[in-house]
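J.: I am attaching a structure below and will ask some questions about it afterwards.
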Amino acid sequence: MRKYFKLHRIFIAQDLKKLMEYKVDFLMGAIGFVLVQAVKILTLGIIFASIPALAYKVNGQVVDSWTFNEVLFIYGFSLIPKGIDHLLFDNLWGMGYWVVAKGDFDKYLTRPVNSWFYVLTEKFCVDAFGDLFVGIVLVVYSVLSMPADIAANINWFRLIPVAFVIPFAVMIYTSVKTATAAISFWTKRSGHITHMCYMTNEFASYPAKIYNNVVKTIITYILPFALTAYYPAIYLLRGESVWSLPVTIGVSAVLFFISQLVWKLGEKAYESAGS
Amino acid sequence: MSKLRKYTPFTRAGIMESVTYRANFLFFLLGEIMKCFVMFFVWKAVFDSSSGETLFGFSYDNMVVYLFISFLSGYITYSDGSYAIGKEILDGSVVMRMIKPIDFDMCFLFQELGNKIISFSLIFLPITAGVEIYRFVINGRLMLDIPMLLLFLVSMVLAYGINFYFNLSYGFLAFFLKNLWGTDIIKGAVVDFLSGATIPLAFMGGFGYVLQFLPFASLSYTPVMIYMGMYGAKKIIFYLGLQVFWLVIFALISKLVLKLAMKRLVVHGG
């Protein structure tokens with residue numbers, strides 16, 4: 001275990017050196033990710049300018065509603081587990097797009113470390129600071145500018161269980177990427193499958209109640225991105241959905257196990273490109 | 001015509017490339033269309049929360065049509081010349097194109113046309129059929145307007161042309177910036193917003209009014225509004241004219257930038 005932590009530190013140090021060398025690349029990437037988010041937030045702002053609060057209605061009756069600040073908070077929160085996964089484990093994307101197809105996976109097999117761990121940690125993706133930055137700014141801003149009656153609902157002791165759950169939320173992202181990247185061991189390329197599953201996280205940035213039951217089931221249990229964003233965020237804000245915290249831990253553990261299984265099986269099926 | 005014939009192999013290559021990777025394309029598409037479904041639900045909640053039936057002249061059904069048709073037109077008019085050219089410039093393989101007796105931009109155009117033929121045939125029918133069925137169920141009658149559909153196609157072709165030359169010009173920035181990934185993301189975000197791909201320009205008040213005349217609106221907003229029947233005859237003629245205007249402007253700009261860039265090009269080895 002110590003060996004692995006040490007390796008990870010070395011990889012990160014290498015990428016930070018690269019970062020110092022290519023400052024413009026880093027800046028452009030980070031600005032890009034910030035701008036993508038800025039456009040989405042601007043869109044939300046324009047939408048909310050014409051309505052008092054986002055309401056969820058059943059048969060014309062308002063069942064639940066969220067103010068602009070709460071939606072911003074949920075949105076900002078969703079960027080944090082996503083950003084952490086992006087920062088530390090971005091290298092998995094390469095597997096499905098080119099690593100297996102080109103036969104470059106050979107390299108990982110010849111090293112005396114777990115191949116999955118090696119692929120996972122080889123790259124430290126500094127672009128993710130853009131996502132993390134926006135996420136933290138949004139969370140802080142939305143809390144500070146919140147109307148007093150909503151802010152009064154926040155109990156900051158809830159931050160402790162939420163902070164405890166965040167690594168598991170990150171694991172949901174990483175496991176989905178791992179399992180879908182491992183499909184490439186059989187099909188050579190699977191980056192687009194990873195992309196398809198990963199994009200489901202777009203649903204997580206908004207209150208899960210507004211979706212229909214099919215979508216809700218998918219984003220809670222199958223590709224459970226709602227557990228990484230809406231549920232912990234609403235728990236922090238209002239103390240609702242306490243059940244989601246143990247579910248997050250359980251579901252992420254199951255997903256992690258499945259992804260490891262797929263990876264192990266895939267590795268056995270791997271054939272090099274023979275060049 | 002015979003001048004163009006030498007480019008047909010590029011189109012054939014583009015078609016073959018797209019056919020080979022069509023499964024990838026479909027998975028990618030399913031991932032991208034997820035955003036439309038997210039907004040489908042978000043807009044439903046927004047319209048539920050609003051006191052009126054319409055927002056800025058859009059009903060909820062209009063909004064759904066807008067979402068999916070702007071996704072469709074965005075996809076079909078998408079051009080990634082900026083990335084492809086930038087990459088060739090940075091790794092120097094661009095010289096292989098320059099020593100051939102063909103136009104630089106034309107071979108990109110024809111190759112991409114090949115890709116477009118396949119992506120068009122894969123997604124145009126499912127999305128428009130889906131939208132029309134939705135409109136039929138909501139309104140109880142067929143809403144499809146054939147002349148509008150044809151004008152929409154014309155407008156999309158123009159939008160693609162503008163996008164192609166805009167991207168070509170942008171791709172040459174790689175000479176100066178030496179960075180592709182970041183600049184491409186920046187471009188995408190800004191263009192998406194200014195072209196009305198994320199939210200109709202009508203929602204943006206006076207700023208949106210000004211945007212209608214900028215080239216970005218010609219990329220996405222104009223074809224979608226034509227499809228939805230939001231524009232009358234006069235407006236259609238005006239905005240199609242505007243699209244032609246921007247197409248000519250960007251074609252000229254890209255020629256100019258190409259000339260400037262070629263003077264500065266230094267390729268080491270090859």
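The values are calculated or read from the model by the stated rules, or taken from the named source; none is laboratory data. Note that the structure is a prediction, hence the values are computed from the model and not measured. Because the Cβ atoms are built from the backbone with ideal geometry, glycine has one as well, and the counts that use them run over all protein chains shown.
J.: Which residue pairs have Cβ atoms under 7 Å apart, sit 6 or more places apart or on different chains, and have a first residue in the range B:179-199 that is crowded, with 19+ Cβ neighbours inside 10 Å and a second that is at pLDDT below 90 and basic (Lys, Arg)?
T.: Sorted first by the residue in the range B:179-199, then by its partner, the pairs are B:Leu180/B:Lys87.
J.: Quick one: B:Met98 ticks every box in (1) surrounded by fewer than 17 Cβ atoms within 10 Å (Cβ to Cβ); (2) closer than 30 Å to A:Leu44 by Cβ bar one, so which box is it?
T.: Of everything listed in (1) surrounded by fewer than 17 Cβ atoms within 10 Å (Cβ to Cβ); (2) closer than 30 Å to A:Leu44 by Cβ, B:Met98 misses just condition (2).
J.: Would you mind finding the one in A:Leu42, A:Leu16 that is surrounded by fewer than 18 Cβ atoms within 10 Å (Cβ to Cβ) and facing chain B (nearest Cβ under 10 Å)? Give the steps one after another, and end with the answer.
T.: Working: A:Leu16 fails: facing chain B (nearest Cβ under 10 Å).
Being surrounded by fewer than 18 Cβ atoms within 10 Å (Cβ to Cβ) and facing chain B (nearest Cβ under 10 Å) holds for just one of A:Leu42, A:Leu16, which is A:Leu42.
J.: Given the criterion over 12 Å from the mean Cα position of the chain (by Cα), at negative phi and away from chain B (no Cβ under 14 Å), identify the matching residue among A:Pro224, A:Pro246.
T.: When all the criteria are applied, what remains is A:Pro246.
J.: With (1) over 19 Å from B:Gly161 (Cβ atoms); (2) in contact (Cβ under 8 Å) with a residue 12 or more places away in the chain; (3) within 14 Å of chain A (Cβ to nearest Cβ) as the list, and B:Asp61 as the residue in question, which single condition is left unmet?
T.: Condition (3) is where B:Asp61 drops out.
J.: Something else about it: Output the number of residues of the range A:133-166 satisfying the condition of being part of a helix (DSSP H, G or I) and either β-branched (Val, Ile, Thr) or under 21 Å from A:Thr194 (Cβ atoms) (or both).
T.: Filtering the range A:133-166 down to residues part of a helix (DSSP H, G or I) leaves A:133-144, A:148-151, A:156-166.
From what is left, the residues that are either β-branched (Val, Ile, Thr) or under 21 Å from A:Thr194 (Cβ atoms) (or both) are A:134, A:136-137, A:139-140, A:143, A:150, A:160, A:162, A:165-166.
Final tally of qualifying residues: 11.
J.: How many residues does the range A:180-214 hold that are at the interface with chain B (Cβ under 8 Å from one of its Cβ atoms), without any contact (Cβ under 8 Å) to a residue 24 or more places away in the chain, more than 18 Å from the chain's Cα centre (by Cα) and more than 16 Å from A:Ile74 (Cβ to Cβ)?
T.: Total satisfying the criteria: 1.
J.: Could you figure out which of (1) of a type in the set (D, E, K, R); (2) in a helix (DSSP H, G or I); (3) out of contact with any Lys or Arg (no Cβ under 8 Å at 6 or more places or on another chain); (4) more than 8 Å from chain A (Cβ to nearest Cβ) isn't true of B:Glu53?
T.: The one condition B:Glu53 does not meet is (2).
J.: Suppose we keep only residues that are at the interface with chain B (Cβ under 9 Å from one of its Cβ atoms) and not hydrophobic (A, V, I, L, M, F, W, C) within the range A:19-39. Which one would you say is nearest to B:Ile199 (Cα to Cα)?
T.: That would be A:Gln37.
J.: Every residue in the range B:1-50 that is in a helix (DSSP H, G or I), of a type in the set (S, T, N, Q) and out of contact with any strand residue (DSSP E or B) (no Cβ under 7 Å at 6 or more places or on another chain), please. Quick ask: steps written out before the conclusion?
T.: In the first step, residues of the range B:1-50 are kept if they are in a helix (DSSP H, G or I); the result is B:2-5, B:8-20, B:22-49.
Checking the rest, the ones that are also of a type in the set (S, T, N, Q) come to B:2, B:8, B:11, B:18, B:20, B:24, B:49.
Once the filter is applied, which keeps residues that are in a helix (DSSP H, G or I), of a type in the set (S, T, N, Q) and out of contact with any strand residue (DSSP E or B) (no Cβ under 7 Å at 6 or more places or on another chain), the range B:1-50 yields B:Ser2, B:Thr8, B:Thr11, B:Ser18, B:Thr20, B:Asn24.
J.: Quick one: is B:Lys234 free of Cβ contacts under 8 Å to residues at least 40 places away in the same chain, away from chain A (no Cβ under 14 Å), in a helix (DSSP H, G or I) and over 29 Å from B:Arg97 (Cβ atoms)? Reasoning before the result, please.
T.: On the way: free of Cβ contacts under 8 Å to residues at least 40 places away in the same chain: yes; away from chain A (no Cβ under 14 Å): yes; in a helix (DSSP H, G or I): yes; over 29 Å from B:Arg97 (Cβ atoms): yes.
Judged against the criteria, B:Lys234 is a match.
J.: Another question about this same structure. Within the bounds of the range A:250-264, is there any residue that is over 22 Å from A:Leu92 (Cα atoms) and either among the polar types (S, T, N, Q) or surrounded by fewer than 21 Cβ atoms within 10 Å (Cβ to Cβ) (or both)? Let's see the steps before the verdict.
T.: Here is the first cut: in the range A:250-264, the residues over 22 Å from A:Leu92 (Cα atoms) are A:250.
Pick out the ones that are also either among the polar types (S, T, N, Q) or surrounded by fewer than 21 Cβ atoms within 10 Å (Cβ to Cβ) (or both) and you get A:250.
Within the range A:250-264, one or more residues are over 22 Å from A:Leu92 (Cα atoms) and either among the polar types (S, T, N, Q) or surrounded by fewer than 21 Cβ atoms within 10 Å (Cβ to Cβ) (or both).
J.: In the range A:1-22, which residue that is under 18 Å from A:Ala128 (Cα atoms) and among the aromatic types (Phe, Trp, Tyr) is modelled with the highest pLDDT?
T.: If we take residues in the range A:1-22 being under 18 Å from A:Ala128 (Cα atoms) and among the aromatic types (Phe, Trp, Tyr), then A:Phe11 is modelled with the highest pLDDT.
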